[in-house]
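See below for the structure under consideration.
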Amino acid sequence: MKLHYLLLGLSLLLSSTLHAAEAPAKPAYYTPTDTILILGAVPQEIPPFVEAMTQREKKSLWGIPYYTGKIGGKSVVVAITGIGKTFTGMTSTLFITQFKPRLVLMSGTGARINPDLRTGDVIVATVTYEHDYGSQTRKGMVYRPMNGPNNGNEVENAFSPPDSLLKIADQAIATYEAPQVTANGATYTIKARRGVVASSDLFGVTTRRIGSLRSRFHADIMEMESAPLGHVCETLGVPYVIVRAGSNVAQEAPNNDYLRLGPIAARQAALFSLHLLKYL
């Protein structure tokens, strides 16, 4: 009898935790339009999309500017979320509700955690994590599941796009004719591949935190919007895919390096994303 209650309790515990099941292949709670919602975090991350648009119109939604039009014959809405978790959650939810897109594409930059990445190298996020959710102790971060709005259910701190979209991204990676860039005293051809992105509301981080991002999360890139976007899309049942290009090396005070290298990375992420759009 004791074993029966133990197993029952374990079953209830497991059922109350939503593990990192991938996002759905199609919207779960609405009939989608044919629109693809494209989001960048800052102004420098969207110009290639705007330039590629036909039938372009600039509009505003609750005071947030956006562009609507077509890229390659596909209907798109392009907007800037703003930096960090709050702006990302607010803007993505607002635009998803308004436009009911068939999928969301986020394109932008991030600091390089993986030392093998060069400025401009592209990562399609297989999984994203929020690395500032938990308790900051003297021994480092203590991570825990997140409590969601559905009766406080626990949600695993790991967010993955639908496998169907990642397979499409693989096709785009395989056919991408990557450009060359010059950065940090070297000229090279951009590489694109799958990888891991970790997000937080931290712009600069300590060497200790960088070590944790490598050892615990195996992160390639660190930034401030991808996991919040994944968190929103999975909660709302919306397909999404995230493209990030490495800018500066992750560090405590990245300002000057980010200002110098961010524009290179932003353009490379957008160029790959435009190629990916052909398959979406």
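Every number here is computed from the coordinates shown, using simple stated rules; none is lab data. Note that this is a predicted model, so its numbers are computed, not measured. Here the Cβ is made from the backbone with ideal geometry for all residues, glycine too, and neighbour counts use every protein chain on show.
Using a Gaussian network model of the chain in which every pair of alpha carbons under 10 angstrom is joined by a spring, one finds that among Val142, Val197, Val238 the greatest mean-square fluctuation is at Val142. Averaging the sequence gap over all C-alpha pairs within less than 8 Å and six or more residues apart, then dividing by the number of residues, gives the chain a relative contact order of 28 percent.
Decide, for the range 154-280, between rounded, prolate and oblate: order the square roots of the alpha carbon gyration tensor eigenvalues as a ≥ b ≥ c, take rounded if a/c falls under 1.5, and otherwise choose prolate if a/b is larger than b/c, else oblate. Because a/c hits 1.5 or more and a/b fails to exceed b/c, the range 154-280 counts as oblate. When only the Cβ of Lys, Arg, Asp and Glu is charged (+1, +1, -1, -1), the dipole of the range 107-277 relative to its Cα centre reaches about 480 debye. If the convex hull of the alpha-carbon atoms of the range 208-280 is projected onto planes in all directions, what is the mean projected area in square nanometres? Approximately 6.0 nm², given one-decimal rounding.
Within straight-line reach of Lys191, meaning a Cα separation under 22 Å, sit the following lysines at least 8 residues removed in sequence or on another chain: Lys167, Lys278. Which aspartates and glutamates, if any, have their Cα less than 17 Å from the Cα of Lys74, not counting same-chain residues under 8 positions apart? Partners within reach: Asp34, Glu51, Glu57. Among residues other than Pro228 with Cβ under 14 Å from its Cβ, the summed charge is -4 (Lys and Arg +1, Asp and Glu -1). Quick check: from the Cα gyration tensor, does the range 127-224 come out rounded (a/c under 1.5), prolate or oblate? Because a/c hits 1.5 or more and a/b fails to exceed b/c, the range 127-224 counts as oblate.
Once both labels are positioned 7 Å from their Cα atoms along Cα-to-Cβ, the gap between Lys100 and Ala186 label points is 4.9 nm. For the chain, modelled as a GNM whose springs connect Cα atoms under 10 angstrom apart, the maximal fluctuation among Ser199, Ser60, Ser247 occurs at Ser60.
Does the range 134-178 classify as rounded, prolate or oblate by the C-alpha gyration tensor (a ≥ b ≥ c root eigenvalues; a/c under 1.5 gives rounded; else a/b over b/c gives prolate, otherwise oblate)? Taking the square roots of the gyration eigenvalues as a ≥ b ≥ c, the range 134-178 is oblate. Using a Gaussian network model of the chain in which every pair of alpha carbons under 10 angstrom is joined by a spring, one finds that among Leu202, Leu213, Leu166 the greatest mean-square fluctuation is at Leu202. The slack in the chain from Lys74 to Arg208, taken as 0.36 nm per residue of separation less the alpha-carbon distance, amounts to 43.8 nm. The reciprocal of the average 1/r between distinct C-alpha atoms defines the Kirkwood hydrodynamic radius, which for the chain equals 19.3 Å.
At q = 0.10, 0.19, 0.23 Å⁻¹ the log10 of I(q)/I(0) for the range 39-151 amounts to -0.41, -1.16, -1.39, computed by Debye summation with a single uniform scatterer per C-alpha, solvent ignored. The mean sequence distance of close C-alpha pairs (under 8 Å, at least 6 residues apart), as a share of the length of the range 14-139, puts its relative contact order at 29 percent. Just add up the charged neighbours of Leu103: K/R +1, D/E -1, any other residue whose Cβ is under 12 Å from the Cβ of Leu103. Summing Lys/Arg as +1 and Asp/Glu as -1 gives +3. Select from the range 31-87 those chymotrypsin sites (Phe, Trp or Tyr not before Pro) which occupy a DSSP coil region and have at most 14 other Cβ atoms within 10 Å, ordered by residue number. Taking the range 31-87 and a limit of 14 other Cβ atoms within 10 Å, the loop chymotrypsin sites (Phe, Trp or Tyr not before Pro) found are Trp62. Computed per residue of the chain from DSSP H runs no shorter than four, each worth -39500 (n - 2.57), the mean residue ellipticity at 222 nm is -10500 deg cm²/dmol.
Would you mind counting up the charge near Tyr66? Only other residues with Cβ under 15 Å from its Cβ, with Lys and Arg at +1 and Asp and Glu at -1. Once all neighbours under 15 Å are counted, the net charge is +3.
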